[in-house]
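Quick notes on the structure that follows.
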There are 2 protein chains.
Amino acid sequence: MKQQVHDAARRARVAAATLALTPRTDKDTALIAMADALLAHTDEILAANAEDVAAARNADIEENIIDRLSLGAGRVAAIAEGTRDIAALPDPVGEVVRGSTLPNGLQLRQIRVPMGVIGMIYEARPNVTADAAAICLKAGNAVLLRGSSSAARSNAAIIDMLRDALKSVGLPADAIQRIPADDRSSATHLMQARGLVDLVIPRGGAGLIKTVVERSTVPVIETGVGNCHVYVDADADLDMALDITVNSKTHRTSVCNAAESLLVHRAVADAFLPRVIAALQERGVTIHGDAAFQALSNDVVPVTVEDDDTEYLDLDISAHVVDSIDEAINHVRAHSSGHTEAIVTGSLAASQRFAMGVDSAAVMINASTRFTDGGEFGFGAEIGISTQKLHARGPMGLTEMTTTTYIVTGAGHTR
Amino acid sequence: MKQQVHDAARRARVAAATLALTPRTDKDTALIAMADALLAHTDEILAANAEDVAAARNADIEENIIDRLSLGAGRVAAIAEGTRDIAALPDPVGEVVRGSTLPNGLQLRQIRVPMGVIGMIYEARPNVTADAAAICLKAGNAVLLRGSSSAARSNAAIIDMLRDALKSVGLPADAIQRIPADDRSSATHLMQARGLVDLVIPRGGAGLIKTVVERSTVPVIETGVGNCHVYVDADADLDMALDITVNSKTHRTSVCNAAESLLVHRAVADAFLPRVIAALQERGVTIHGDAAFQALSNDVVPVTVEDDDTEYLDLDISAHVVDSIDEAINHVRAHSSGHTEAIVTGSLAASQRFAMGVDSAAVMINASTRFTDGGEFGFGAEIGISTQKLHARGPMGLTEMTTTTYIVTGAGHTR
């Protein structure tokens, strides 16, 4: 299996060298051919997906995972549309990031170039297969796709069609390759193919991400785990605070930018707690609260440190009253996964202190945590949300799938 | 030891939270106090260094390592001057990297913020201690300095003074901490303190860097190994090619941006090889050449694949004649460490093809490989040269010691 993964990576490197020199128009032509192929072969993709879904049901896999695994004609059309949208986005490759003429006359330019070969290790959702392939291709990269075994047939069908589309426009099919998922070791070999693979991106549950981070020798961008906080400041508009808390918690609970924790300044606790408890409970949320919350409702469960560290991804929220904004900041620093925190306040000073004091990828001032998203940010495409500080932080689009190189032009300059 | 390293990292996190909110003027005041302290205590630093040097001589350590270890009053003054220069540089923290108003009215800003806690694992040179501390501080980071045991006394003396200087201006001394070098495991604990340390930068020989890359669970920026190439194209000005080859190889051999390999297009081999062989041999360079080189001088040693993969850091160079620019590009891709490659050519097309075709941090067009350097690039300070693609590539200055965060301001926006 190691040999097989390394051989795939070597072929990907050859393809990447071609892609690095491929102009935007040719890449866009390929993306449109990919979108057309997905649409034209919808029936085959759905047939393969139906087999995956049937196998998952036989294996008694949880219904929410089956839901993420399942494709319909509408989802395939949406995937194709997404691929077409990526063709319409500007090409990040070639962008001059900085440039100057040095005192000795050397002309210095730092320009964006493709990363090279990117390994994706991900769970269930077959739409990630096409999305990741399209984003990587647009940014001039070859991609090695290692999905989950439960989606193996769907992924294989999609990848076969994408490869055919590349060939049809004269680009190397090996720019998009499938790493077999029937052997767990294939993921390990992919994440340890240092020198052959330039970057690994894990997408999935906390367990998957932890494994990749700990075992990879290839540089990794950690994505996704979101233990997000909403802090209601002493100077908050409480109607706004209620809307933002409810939206952040309940708009969609299974996503990384959903709120998992609520902090309320003591100055507004008397006025705010009864309202927020009622509003959350009305929507079926279990509040894991401190003494102040418990005192107001028998349905509030006592909060534990484990609660404070938990990304519920469900109708649960931990909740505390804090004595100051600094206590809120310290609580966030101690328990957050560094994804997104929101503050509701009318105070400019408080908003600035919170934004600079917490240490997270995104801070929402008077807005729902749910806005941390490549689509919402206007990136046009998103390959994941980075919760690490190196290279990319927050939603990652095409730009984050590139690196840079310095081109220095002289006239025989020596030192 | 693990406890000790983790405790230091926790104290560093507390200090980092303060530094993140410290304005530039206070950081610059600290840097000037640090420079003053180094100058005022030169005698103590030199006394500590003399003990390190004596111990190294007793242990029969190689003379070139002792040279890198040794400080004199001049070197200490230069270190202090470098610290003062960093105070004069712009603060990267707070820079708005991108910003826009989204269609829904949300105001999006991506701004530079400190990385947090940076671990440096490095060999011999005590000047790295002060340089790294100053660069990290200016960018708002706390730093954990794990130097080599051979420089332990020098590093301890320098770090004590820097910490006193921080205290004297009211900043937390724990922003600069020494990780003991008397136990090899301290480096391991530092590189595996994931969640406590945000970034590890190894600086030193290939062995050190390989160990850190393989064993670290904290994100790493790989630095330094430079197997740099000079390619003399068919359209090269041969006088210029000779100057650039000799300068790249011999100006300073022990540095990562020195050339280690020469590629010459066959079209100019007859005219160029005799000249370059004579010029290099005159300067004491051993040429490890292919048949074309061997045919012209008995002193040319047959080149091996190992030679092509070697960073000599000495008066040695591997040398080949190639049939085309693409053969040169493929040779570079196969053997380079991705640091710096130079092309000498009068052809615009050739310069572009080479620059986009190789896959390295820097490409010099008609200039010596020796120009890949933070100082030469005008960065004012350099903490190392990254040869990886993630986060930073090429010389790293203050900007590369920051990450970014998205600040999104709304007026009660929900989804």
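Does B:Thr245 meet the test of being within 18 Å of B:Leu315 (Cβ to Cβ), assigned to a helix (DSSP H, G or I) and outside the structural domain of B:Gly394 (by TED's automatic domain parsing)? It is true that B:Thr245 is within 18 Å of B:Leu315 (Cβ to Cβ), assigned to a helix (DSSP H, G or I) and outside the structural domain of B:Gly394 (by TED's automatic domain parsing). Before we move on, is B:Ile317 in contact with a strand residue (DSSP E or B) (Cβ under 7 Å, 6 or more places away or on another chain) and more than 10 Å from chain A (Cβ to nearest Cβ)? The answer is yes for B:Ile317.
Can we say B:Ala267 is at negative phi, within 14 Å of chain A (Cβ to nearest Cβ) and either of a type in the set (A, V, I, L, M) or not in a helix (DSSP H, G or I) (or both)? No; evaluated as a whole, the condition is false for this residue.
Out of (1) buried (at least 24 other Cβ atoms within 10 Å of the Cβ); (2) closer than 17 Å to A:Asn257 by Cβ; (3) more than 12 Å from chain B (Cβ to nearest Cβ), the odd one out for A:Glu382 is which? That leaves (1) as the condition not met.
Report yes if B:Ala157 is in contact with an Asp or Glu (Cβ under 6 Å, 6 or more places away or on another chain) and of a type outside the set (S, T, N, Q), otherwise no. Break it down into steps so the answer makes sense when it comes.
Numbers: in contact with an Asp or Glu (Cβ under 6 Å, 6 or more places away or on another chain): yes; of a type outside the set (S, T, N, Q): yes.
Spelling it out, B:Ala157 is indeed in contact with an Asp or Glu (Cβ under 6 Å, 6 or more places away or on another chain) and of a type outside the set (S, T, N, Q).
Take A:Arg353 and tell me if it is of a type in the set (Lys, Arg), out of contact with any Phe, Trp or Tyr (no Cβ under 9 Å at 6 or more places or on another chain) and buried (at least 24 other Cβ atoms within 10 Å of the Cβ). No: the conditions fail for A:Arg353. Check whether at least one residue in region B:114-137 is charged (D, E, K, R) and over 17 Å from B:Gly204 (Cα atoms), and report yes or no. The answer is no, given that none of the residues of region B:114-137 is charged (D, E, K, R) and over 17 Å from B:Gly204 (Cα atoms). The test for being at negative phi and out of contact with any helix residue (DSSP H, G or I) (no Cβ under 7 Å at 6 or more places or on another chain) holds for B:Val96.
Filtering region B:370-379 to residues that are within 10 Å of A:Val408 (Cα to Cα), more than 12 Å from the chain's Cα centre (by Cα) and surrounded by 24 or more Cβ atoms within 10 Å (Cβ to Cβ) leaves only B:Phe371.
I need a count of the residues in region A:14-60 that are of a type in the set (D, E, K, R) and at pLDDT below 95. Number satisfying all stated conditions: 2. Yes or no: B:Val197 within 30 Å of A:Gly338 (Cα to Cα) and over 17 Å from the mean Cα position of the chain (by Cα)? Considered against the rule, which asks whether it is within 30 Å of A:Gly338 (Cα to Cα) and over 17 Å from the mean Cα position of the chain (by Cα), B:Val197 comes out as yes.
The set of residues in region A:287-329 being surrounded by fewer than 15 Cβ atoms within 10 Å (Cβ to Cβ) and in a helix (DSSP H, G or I) consists of A:Ala291, A:Val305, A:Glu306, A:Asp326.
Screening the candidates A:Val213, A:Val169 for the property of being more than 19 Å from the chain's Cα centre (by Cα), among the β-branched types (Val, Ile, Thr) and surrounded by fewer than 20 Cβ atoms within 10 Å (Cβ to Cβ) yields one hit, A:Val169. The condition (being assigned by TED's automatic domain parsing to the domain that holds B:Ala9 and free of Cβ contacts under 8 Å to residues at least 12 places away in the same chain) is satisfied by just one residue among B:Pro114, B:Pro103, B:Pro92: B:Pro103. Among the residues of region A:176-196, those identified as out of contact with any Leu (no Cβ under 8 Å at 6 or more places or on another chain), away from chain B (no Cβ under 12 Å) and either buried (at least 23 other Cβ atoms within 10 Å of the Cβ) or not in a loop (DSSP other than H, G, I, E, B) (or both) are A:Ser185, A:Ser186, A:Ala187, A:Thr188, A:His189, A:Met191, A:Ala193. Quick check: anything in region A:197-217 in contact with a Leu (Cβ under 7 Å, 6 or more places away or on another chain) and either assigned by TED's automatic domain parsing to the domain that holds A:His320 or part of a helix (DSSP H, G or I) (or both)? No, because not a single residue in region A:197-217 is in contact with a Leu (Cβ under 7 Å, 6 or more places away or on another chain) and either assigned by TED's automatic domain parsing to the domain that holds A:His320 or part of a helix (DSSP H, G or I) (or both). I'd like the full set of residues that are under 17 Å from B:Ser324 (Cβ atoms) and facing chain A (nearest Cβ under 9 Å), limited to region B:340-351. The answer is B:Val344, B:Ser351. Listed conditions (1) of a type outside the set (Phe, Trp, Tyr); (2) more than 23 Å from the chain's Cα centre (by Cα); (3) away from chain B (no Cβ under 11 Å); (4) closer than 17 Å to A:His320 by Cβ are all met by A:Asp235, apart from (4). Scanning region B:27-45 for residues that are of a type outside the set (D, E, K, R) and out of contact with any Ser or Thr (no Cβ under 9 Å at 6 or more places or on another chain) gives B:Thr29, B:Leu39, B:Ala40, B:His41, B:Thr42.
The number of residues in region B:385-398 that are more than 7 Å from every other protein chain (Cβ to nearest Cβ), in contact (Cβ under 8 Å) with a residue 60 or more places away in the chain and not small (Gly, Ala, Ser) comes to 4.
The sole residue among B:Ala73, B:Ala87, B:Ala80, B:Ala130 that is more than 14 Å from chain A (Cβ to nearest Cβ), of a type outside the set (Val, Ile, Thr), within 27 Å of B:Glu222 (Cβ to Cβ) and out of contact with any strand residue (DSSP E or B) (no Cβ under 8 Å at 6 or more places or on another chain) is B:Ala130. Give me the pairs: first residue in region B:359-379 and more than 7 Å from every other protein chain (Cβ to nearest Cβ), second residue surrounded by fewer than 22 Cβ atoms within 10 Å (Cβ to Cβ) and at pLDDT below 95, beta-carbon distance under 6 Å, and six or more apart or on different chains, which are they? Close Cβ pairs (under 6 Å, with a partner that is surrounded by fewer than 22 Cβ atoms within 10 Å (Cβ to Cβ) and at pLDDT below 95) amount to B:Gly374/B:Glu382. If the condition is being more than 16 Å from B:Leu137 (Cα to Cα) and touching a residue at least 40 places away in the same chain (Cβ under 8 Å), then region B:61-80 contributes B:Ile61, B:Asn64, B:Ile65, B:Arg68, B:Leu69, B:Leu71, B:Arg75, B:Ala78.
For the condition of a type in the set (Gly, Ala, Ser) and within 13 Å of another protein chain (Cβ to nearest Cβ), what is the one hit in B:Ala206, B:Ala173, B:Ala142? Quick ask: steps written out before the conclusion?
Values: B:Ala206 fails: within 13 Å of another protein chain (Cβ to nearest Cβ); B:Ala173 fails: within 13 Å of another protein chain (Cβ to nearest Cβ).
When all the criteria are applied, what remains is B:Ala142.
At least 2 residues that are out of contact with any Phe, Trp or Tyr (no Cβ under 8 Å at 6 or more places or on another chain) and loosely packed, with under 14 Cβ neighbours inside 10 Å in each: list the strands (runs of 3 or more DSSP E) lying fully within region A:59-144 that qualify. Counting at least 2 such residues, we get A:96-101.
The values are calculated or read from the model by the stated rules, or taken from the named source; none is laboratory data. Computed from a prediction, not measured in an experiment: that's the story for all the values here. Every residue, glycine as well, gets a Cβ built from its backbone with ideal geometry; the counts of neighbours run over all protein chains shown.
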